[in-house]
Amino acid sequence: MQIRSIHLKNIKSHRDTELNFSPGINVLSGPNGVGKSTIFEAIGYAMFGVDAQSFVGNVERFVTIGARRGEISIVFQPGDDERYRVSRTVGTPSRWLLAKEVGGDFEVEEHKDSKETEGRLKELLGLRSSRSLAEQFELVIGPFQHDFLGPFVIKQTTRRRDKFDEILGIDTWRKTFNETKVLTSAIKAKVDALESAIGPLQNQVAELPMKRDEHTAAQKDLEQAEKNLAAQQQQLKDLEGLLLAADKHEKDLKGLEKEIEALKERISNGNEMIGKQKLLVDEAEKADKIIAATRAGKKSYEQAETQLNELREKLRVQRQHEQEVADIKNRVGKLSERLKIETQLTQRTREELAAEEKLLAESRKALSLDDDKKTLSERLPQIRVNLEGGRKQLGLLEGRRAGLEEGSEKLAEGICPFFQEPCLNIAEKPPGDVFTAKFSELDQRRRRFQEEVHKLEREEKAASQANDQLKADVVKLEGLDAQLAKLVEQRKANEFRAEGLAELQKEQSAAQQQLDEKQKVLDTYSRLQTDIEAAEKEKRQHQEARDRYVANQQQAQELHQRRADLEKFTKHLKQLQDDLAAKEAAFSTAGKEYDAAQHEKLRQQKDELWGGVSALGQMIKGLAVDVSRLAADVEKLMKIEKEIVDKRGQIKAYEEKDDLVKFLRNRVFRNVSGSLSERFREEISQRANRIYRIISEVDEELAWGDNYQIILRDMVDGELRERGDDQLSGGQTMSAVVALRLAMLQTIGARIAFFDEPTSNLDAVRRENLAYAFRAIDVGKEEVTEHWYDQLFLISHDVAFTEITDQIIAIGDDNQSNQ
């Protein structure tokens, strides 16, 4: 696992910083306040999901002054063949993306939320602990500078034990032991509640035998009633058969009676229809005689009407010709008037266009471009580039000053924030002198850039005004050219209109010729009105004969059909009379077979049986309700009986669970945390002791005590001496903490680690020995420990690390360099 590079954009003092890392040990060096710790914070934020508020109280302070958003991108290599890039933004909206390198490009993986992204990063980093990545980074992998000693110097034994149990991931067993204490009380409460519930249920179940007897008796009464109902229903069925036959005889008699009445009514209607049909035949015969007498007059009327229609059609054509003549006269007048107006308008347009062309030429001559303004306008882009560069340099100086102020606040008066004693790293030169010189240098550079920016702003304003004036003149010239081109087009259009006047003259002559021809045709219709009057007179002479013919034509045509209908009606009446005689004979025979008194007696018997059946049905319904109710009561009581059995089973199960909880608490949970803690402390102590001996170069043994206190053992006057963490110097404590943290990192399986100023409070010898220990771990020397990490990141001003590091990254005021 290796981090290959990191890119920070607008993160604290880093406006645009990119760093490349090598395998092994990477040391970040540089003056205080240039943003070395920010690199570690950025890695924790982007790669491990640490909240930005863990570094700064307000998230906005994590972004460069003047910027609204920041972004961090890290390229890392979890194995030999694959590369990934994780990026996370600071600000709203915040995005956390993971991308895999495919064919030289990074393709973003699809994750539904940040939890899925964190799970994927855990898998790639090989950190499969249930604890979040942020907690693993803050507690072990990359603790912040002010938290480096944190848990080791906690005075309260219980708080220190709980903190290290959490770091090592074994606090779950102790928490489980404490939290399961309430289980026994909860189980007892459940058992008491179940036993309290069983008492009332048993009182209800006591009624079960009595309810069963009542249900059996009601079931027998229901069965007897159903048998009685079946017997009466059979009697009713037999009676209904006899009654059905009597109903059929009665229905047949009534049907015959209705048919006889209907036949009599139809015969009466038939006699009436035959009388009416004879009258219609007489009327048709008279009409036929009138048709024969008026046929010649009708023919003469139709001939006169045909001639009159032809003459009226000619009259319509005459009026159409008259309308066409009027339209052509109107058209000839309009064409003459239009020819006159168009000629005058063409001449006036020529004069107006000539005057406008003269005026535009004078306006264009009045406009000219100033060469000085043109030169100043051409310099405007370069002036703006220089102005932007100056403003950017001012922003960078502001960011560096903010970083120096942050470093000055951290170092305060040169006193270590943990041990409240002078810091050895800045003992030679007080921090106030360092920052005063830096602030003075930055202020001088800032004033110089401010003067350059003000000068460029004045030049930019003058160039912008010249550029605007030139653009306005160009726009005016373009407008004049456009107006001149428009006048040219208008002149062409006017000349084209003048050429069209000849065509208008030809159109007027053609219309006059068409008018003369139409007038000649109209003269041929002079006798048309006389012919129409003669035809109308002939039509009136034969009007009466034609009207009588038309009035009687329909009846004469129906004569044959009317005679046929009369014959058909006569035959149908004879058939109805025969049917009536047959129906009357059948009615007489059926009346002898039907007994009305016996029929009424059968109906009364049926009504009496229906009453008995209905009463039994109501009785059976009531008995069925009682049976169902009692069955439901019995079933409910049986369920209660089963519920009692189930509750007793639950009581037994809870008692077994109570025994299991007591066994686990007393035999397992109470002892596991202590056993795991002892195993971890023993393993970490062995590794840390070897590292500590390299750092301190003294014959002392480092051990991690029962409650995670730091213990140093040595021989004094032949006797074993033990000293706790409250008896150690600052250098001894820092050496022990560094050794223990390195051992813990190896134990949890972390492949990368971060140390911010690990040489604080160490003298020169111990700093050199610590550097040697780091190199010894890197190469895997057996007297120290086996090689376990892929990359180690250090922030240090100490020259001792220049000899053992794989890469030194110098972070200065103006640039960063890799060595």
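In plain terms, the bigger the Kirkwood radius, the slower the diffusion; for the range 212-299, with that radius from Cα pairs, at 20 °C and 1.002 mPa s, Stokes-Einstein puts D at 102 µm²/s. Take the range 1-131, drop everything but the C-alpha atoms, weight them equally and run the Debye formula without solvent; then report log10 I(q)/I(0) at 0.14, 0.21 Å⁻¹ to two decimals. Debye intensities relative to I(0), on a log10 scale: -0.64, -1.38. Report the calculated FRET efficiency for Gln650 and Leu208 (r = Cβ-Cβ distance, R0 = 22 Å), to the nearest 0.05. Efficiency, from the Cβ-Cβ distance: 0.50. Here the range 715-760 is treated as a sphere whose radius is the Kirkwood value from Cα pairs; by Stokes-Einstein at 25 °C and 0.890 mPa s it diffuses with a coefficient of 193 µm²/s. Protein heavy-atom accessible surface, 1.4 Å probe, per residue over the chain: 59 Å². For the range 214-255, the equivalent ellipsoid derived from the Cα gyration tensor has semi-axes of 40, 7, 4 Å, listed largest first. These residues, Glu82, Glu310, Glu357, go from largest to smallest accessible area, 1.4 Å probe, as Glu310, Glu82, Glu357. Exposure check, 1.4 Å probe, all protein chains in place: Lys374 carries approximately 100 Å² of accessible surface. Checking every one of the GluC sites (Glu not before Pro) in the range 83-132 against DSSP loop status and a limit of 11 other Cβ atoms within 10 Å picks out Glu110. With everything on Cα atoms, drop me the angle between helix 764-779 and the longest principal axis of the chain, reported from 0 to 90° to the nearest 10. Roughly 50 degrees, rounded to the nearest 10.
Among the DSSP beta bridges whose two residues both lie in the chain, what percent are antiparallel, rounded to the nearest 5? Counting only bridges with both partners in the chain, antiparallel ones make up about 75 percent. The label-point distance for Ala292 and Gln347, in a model that sets each label 7 Å from Cα toward Cβ, rounds to 9.1 nm.
A crude spin-label estimate for the pair Glu357 and Asp80, with each label 7 Å from Cα along the Cβ direction, gives 8.8 nm. All Cα-Cα separations within the chain were binned at 10 Å from zero, giving a P(r) of 2, 7, 9, 9, 7, 6, 5, 6, 6, 7, 8, 10, 9, 5, 3, 1, 0, 0, each value a whole percent of the pairs. On the basis of the beta-carbon distance and an R0 of 41 Å, Val59 and Thr172 show a calculated FRET efficiency of 0.80.
Between Asp717 and Val153, full extension at 0.36 nm per residue minus the direct alpha carbon distance yields a gain of 200.1 nm. Once backbone amide H atoms are built at 1.01 Å from N, Val63 has Lys12 as its partners under 5 Å, excluding neighbours fewer than 5 places away on the same chain. For the chain, adding -39500 (n - 2.57) for each run of n ≥ 4 DSSP H residues and dividing by the number of residues yields -25000 deg cm²/dmol at 222 nm. Taking the longest Cα principal axis of the chain as reference, the axis of helix 730-748 is set at about 40 degrees. Spread over its residues, the convex hull of the C-alpha atoms of the range 1-63 is 89 Å³ per residue. The Asp523 and Asn309 beta-carbon pair, evaluated with R₀ = 22 Å, returns a calculated FRET efficiency of approximately 0.40.
Note on Lys574 and Arg458: the model spin-label points, each 7 Å out from Cα along the C-beta direction, lie 14.2 nm apart.
I'd like the accessible area for Glu656, computed on protein heavy atoms only with a 1.4 Å probe and all protein chains in place. Round to 10 Å², please. Near enough 110 Å² of accessible area. Here Asp659 sits with roughly 100 square angstrom of accessible surface, probe radius 1.4 Å. Comparing Cα centroids, the range 1-68 and the range 567-591 end up 122 angstrom apart.
Restricting attention to the range 500-575, which trypsin sites (Lys or Arg not before Pro) occupy a DSSP loop and are surrounded by at most 10 other Cβ atoms within 10 Å? Sites meeting the loop and neighbour criteria: Arg527. Report, in degrees rounded to the nearest 10, the 0 to 90 angle that the Cα long axis of helix 543-557 makes with the longest principal axis of the chain. So the inclination is approximately 80 degrees.
Shape of the range 129-271 from its Cα gyration tensor (a ≥ b ≥ c, root eigenvalues): rounded if a/c is under 1.5, otherwise prolate when a/b > b/c, or oblate? Because a/c hits 1.5 or more and a/b fails to exceed b/c, the range 129-271 counts as oblate.
The values are calculated or read from the model by the stated rules, or taken from the named source; none is laboratory data. Please read all numbers here as calculations on a predicted model, not as lab measurements. Note that each Cβ is placed from the backbone with ideal geometry, even for glycine, and that neighbours are counted across all protein chains shown. These area figures cover heavy atoms from the full protein model, side chains too; ligands, DNA and RNA do not enter into them. Shrake-Rupley method; radii C 1.70, N 1.55, O 1.52, S 1.80 Å.
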